[in-house]
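What follows is a single structure, written as structure tokens, with notes after it.
Rule-based calculations on the coordinates, nothing more; no lab input. It should be emphasised that the depicted structure is a prediction, and the values quoted were computed from it without experimental measurement. A quick note on method: Cβ atoms are made from the backbone with ideal geometry, for glycine too, and the neighbour counts reach across all protein chains shown.
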Amino acid sequence: MQTDIQSQGFALTAGLRDYLMKRLAYNLNHGGEYITRITVRLSDINGSRGGADKRCFIEVRLKHLPAVVIDDVEADLYVAIDRAAERAGRTLTRRLSRQRECTPALP
């Protein structure tokens with residue numbers, strides 16, 4: 001599994017990268033064999049003007065299934081990361097369970 005993390009409008013610190021990787025690992029651990037690539041884009045939409053403008057975009061590419069795409073905007077970047085990672089995990093769980101339901105059992 002390949003992980004690509006990008007930031008716009010601020011520097012991506014080692015602490016922020018570690019935090020993000022831990023959140024992704026925790027929330028996406030159950031789909032490891034299906035995940036081929038994770039792309040994360042962190043950005044500060046309004047720059048120095050402030051407001052609820054910290055964006056976390058997560059795209060999880062899956063083998064033989066449509067990608068999971070989550071976008072969350074919050075005032076605090078860590079909250080945006082938490083919410084986006086949790087939503088990505090829930091969406092991945094639903095997608096994989098639907099796939100298992102649609103796959104016929106072998107005799």
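Worth a mention:
- The strands (runs of 3 or more DSSP E) found entirely in the range 1-101 that carry 3 or more residues being exposed (fewer than 13 other Cβ atoms within 10 Å of the Cβ) are 2-8.
- Only one of the numbered conditions (1) closer than 22 Å to T13 by Cβ; (2) touching a residue at least 60 places away in the same chain (Cβ under 8 Å) is not met by G89, and that is (1).
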